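The structure appears below as structure tokens.
What follows is calculated from the coordinates using simple rules that are stated; it is not laboratory data. This is a predicted model, so every value here is computed, not measured. As a convention, Cβ positions derive from the backbone with ideal geometry for all residues, glycine included, and neighbour counts pool all protein chains shown.
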Amino acid sequence: MATRSVELKRGLKDVYLDRTQASFIDGTEGKLLYRGYNIHDLAEKSTFEEVAYLLLYGSLPNQEQLDELDATLKSTRTIPEEVYRVIDLTKDGHPMDVLRTAVSALASFDPDVEDNTADGVRRKGLRLTSQAATIICAHYRARQGLPPIAPDQSLSHAANFLYMMRGVVPDEDEAKLMDVDFILHAEHGANASSFASRVTASTLADLHAAIVTGIGTLKGPLHGGAAESVMKMAEEIGDPAEAEAYAKRVLGGHGRIMGFGHRVYKAEDPRAQHLRDRSRSLGEKLGQPQWIQILDALVEAMAPYRARGIHVNVDFFAGSIYYLMDIPEDLFIPIFALGRIPGWTLQVLEQFENNILIRPLLWYEGPMDLEYVPIEARA
Ligand code: ACO
């Protein structure tokens, strides 16, 4: 039996995996920068297309560079007929399972699949950003027995996503809301899904494989799945006056309130305020203020947890926005995935730039050197 003692870092808490130029996160201050730019400036002044360029190329684009990226995104919104068939065959599954399966299937039709050069990875990352939107919308419609809607090349990425879902061009406010949501979700350091993507890339597998890994990892309720859980919770609460009792019940049973807490942020997640303000305005505009009121009441009920560094995270208000936009709850995580594709791509680019196989150790604590007993002799 090994007797050497080791320092275990369960959950890799507080472990720096590598250096990065992607994003800076100060969990104590609640500060987030993408490539040096504050998330507040990007959310208020930028567009998802600009942010995608910033993440993939390292600086904000000039007009010509932005136009080129926009044209690339627009020209890659189609998916092969075979992938529509995959979507149809799997349409009864959760949209995250369908997205993961369809992105995996896309690898078989992408001529660049094995191209791990920086240009190849960027090209595929942009293509997958566009194609993932098409997949999510085609599945949304297929499960209602409706045909897919062809993309509208005059629309931005966010507006076209809503258009391909509903067949109606969204108004400016809705398109902006979706755009901001994509910006806020675009990149976030070594979060679980990006880390998982980096592990896949570290074996020198390709971007499709890494993004399939990312999608699979994002699905869980401790990560991207929280937005779906938050809105289910709000529906269950039903009335702001019931929020406190609900929180007491869950916390008393050692449960967790979804949309609170974060591995890195011990202050409020800086992304949350943009979604809170927008959720409030949208709820008022639509005459449905009760959802934000329920969420506000939950924030109040969780006040004692602030001293322990447990605040709202990005997922807390995201769900209420999607809900008010009449988007079904099981699409909340795919929408997060859609925003995150540039971030996953950047993480893979960084991993490839200075690759090292990511392969930690597990400290063995099981029995040693047992005698093998033939099956006939076992009790
Ligand atoms: N509600 C109640 N208690 C909580 C919550 C919560 N949402 N989050 C953490 N805690 C408590 C834990 O019970 C634990 O208490 P204990 O020390 O008494 O046992 C303590 O805070 C530390 O929790 P850990 O899980 O060890 O902390 P970690 O940093 O690993 O947790 C996590 C991060 C998983 C996100 C956690 O806060 C959580 O489960 N939140 C709810 C799910 C959620 O909202 N996930 C989305 C995260 S954001 C994103 O992925 C985009």
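Numbers for the structure displayed
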| item | result |
| --- | --- |
| Table column - 3J(HN,Hα) (Hz), region 207-215, Karplus curve with 6.51, -1.76, 1.60, x for Gly and Pro | 5, 4, 4, 5, 6, 4, 4, x, 4 |
| Shape category assigned to region 226-324 from the gyration tensor of Cα positions, a/c cut at 1.5 | oblate |
| Loop GluC sites (Glu not before Pro), region 294-379, which have at most 13 other Cβ atoms in a 10 Å radius of their Cβ (DSSP) | Glu365, Glu371 |
| Candidates His157, His94, His185, ranked by Gaussian network fluctuation over the chain, Cα under 10 Å, top entry | His94 |
| Vicinal HN-Hα couplings computed from phi for region 275-281 (Karplus, 6.51 cos²θ - 1.76 cosθ + 1.60; Hz; Gly/Pro x) | 7, 4, 4, 6, 5, 4, 4 |
| In range of the label at Asp88: residues from region 103-132 whose backbone nitrogen is under 18 Å from the point 7 Å along Cα→Cβ | 103, 105-106 |
| Karplus (6.51, -1.76, 1.60) ³J(HN,Hα), θ = phi - 60°, over region 228-241, in Hz, Gly and Pro reported as x | 5, 5, 4, 6, 4, 5, 4, 5, 5, 5, x, 8, x, 5 |
| Net lengthening on full extension, Ser154/Thr78 (0.36 nm per residue, minus Cα-Cα) | 25.9 nm |
| Length released on extending from Val168 to Glu64, taking residue separation times 0.36 nm less the Cα-Cα span | 34.5 nm |
| Cα gyration tensor category, rounded, prolate or oblate, for region 150-281 with a/c compared to 1.5 | oblate |
| Stretch gain in nm, segment Thr117-Glu244, where the contour uses 0.36 nm per residue and the Cα spacing is subtracted | 40.4 nm |
| Selected from Met233, Met164, Met96 as most flexible by GNM, with the chain as the system and alpha-carbon contacts under 10 Å | Met233 |
| Computed [θ] at 222 nm, helices only, for the chain once each DSSP H run of length n ≥ 4 contributes -39500 (n - 2.57) | -17000 deg cm²/dmol |
| Footprinting exposure proxy for Ser75, Ser202 (fewest neighbouring C-beta atoms within 10 Å first) | Ser75, Ser202 |
| Three-way shape label, region 41-147, alpha-carbon gyration tensor, a/c 1.5 | prolate |
| Cα-based reach from Lys232 at 24 Å (exclusive), listing lysines while leaving out same-chain residues under 8 positions away | Lys91, Lys219, Lys248, Lys285 |
| Ranked list, fewest to most other Cβ atoms within 10 Å of each Cβ, for Glu49, Glu268, Glu44 | Glu44, Glu268, Glu49 |
| Fewest-first ranking of Thr134, Thr47, Thr345, Thr203, using other Cβ atoms within 10 Å as the exposure measure | Thr203, Thr47, Thr134, Thr345 |
| Cross-link partners of Lys13 among aspartates and glutamates (Cα-Cα below 16 Å; sequence separation of 8 or more within a chain) | Asp26 |
